[in-house]
Amino acid sequence: MSEIKWKKIETKLYKNEVSAVYYSRLETCQGGKALGGFKSLRTKKLSVARLRLRDREREFDVFKKSIGRESLTVSDLKERYSKSLEDNTQRKESTKTRHGYNIKKVFDSWLELADLEVAVVTSKMCKEWASRIKTEPHGKVPP
């Protein structure tokens, strides 16, 4: 598999030179954590990419504002994600089922996660959880 090569087209707009697909790169720092990153705009046309970038910027601004003014728990974000997953008509039912299973698995294996505020969850905490879950015997395989 070839290495991804990014070409900066303009501020916040990049092109993957291997696939020729455009990506947005939106970032902000909230509580010492980077939010955002690369996200596919699912097009190879620059004019369409610019339009989708504007839409993505609006969505991202709403997201940043909601995180800035609320004290969100991981459980709150889980509910928001579950609702958006349920409302998404472009995803197959099997994908929705698998995501739901994976979310349940995380919350079942990390009991205190639901009550934690998003701002206090660190990558170190996630790595510790991942190492714990690797040593536990696996349950049933997702459908």
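For the pair ASN102 and ASP55, what calculated FRET efficiency results from E = 1/(1 + (r/R0)^6), where r is the Cβ-Cβ distance and R0 = 22 Å, to the nearest 0.05?
0.20
Can you run phi through the Karplus equation (6.51, -1.76, 1.60; θ = phi - 60°) for segment 43-52 and list ³J(HN,Hα) in whole Hz, with x for Gly and Pro?
So the J values, rounded to whole Hz, are 8, 10, 9, 4, 4, 5, 4, 5, 5, 5.
Using the basic label-point model (7 angstrom from Cα toward the beta carbon), what is the LYS44 to LEU116 distance in nanometres?
The modelled label-to-label distance comes out at 4.2 nm.
How much FRET efficiency would the formula 1/(1 + (r/R0)^6) give for CYS126 and ASP87, where r is the Cβ-Cβ distance and R0 is 22 Å, rounded to 0.05?
The computed FRET efficiency comes out at 0.25.
Could you go through segment 87-102 in sequence order and give the Karplus-derived ³J(HN,Hα) for each residue, using 6.51 cos²θ - 1.76 cosθ + 1.60 with θ = phi - 60°, rounded to whole Hz, and x for Gly and Pro?
7, 6, 7, 8, 9, 6, 4, 5, 5, 4, 5, 5, 5, x, 4, 5
What does the charge count near VAL18 come to, summing +1 for each Lys or Arg and -1 for each Asp or Glu among other residues with Cβ under 11 Å from its Cβ?
Summing Lys and Arg as +1 and Asp and Glu as -1 gives +1.
Can you list residues from other chains, or at least 5 along the same chain, whose modelled amide H is less than 5 Å from the amide H of THR73?
Those lying under 5 Å, H to H, from THR73 are VAL118.
Zone of ARG80 (label point 7 Å along Cα→Cβ, backbone N under 19 Å): which residues in segment 42-57?
Residues 55-57 qualify, since their backbone N sits under 19 Å from the label point.
Taking amide H positions as placed 1.01 Å from N in the peptide plane, with prolines and chain starts having none, which residues 5 or more places from VAL21, or on another chain, fall under 5 Å of its amide H?
ASN16
Greater than 30 Å separation of Cα atoms is the criterion. Which listed pairs, LYS83/LYS124; LYS78/LYS127; LYS12/LYS105; LYS5/LYS134; LYS5/LYS105; LYS104/LYS124, meet it?
Check vs 30 Å cut-off fails for LYS12/LYS105; LYS5/LYS134; LYS5/LYS105.
Rule-based calculations on the coordinates, nothing more; no lab input. All of these numbers come straight from a predicted model, not from anything done at the bench. Positions of Cβ are backbone-derived with ideal geometry, glycine not excepted, and every protein chain shown enters the neighbour counts.
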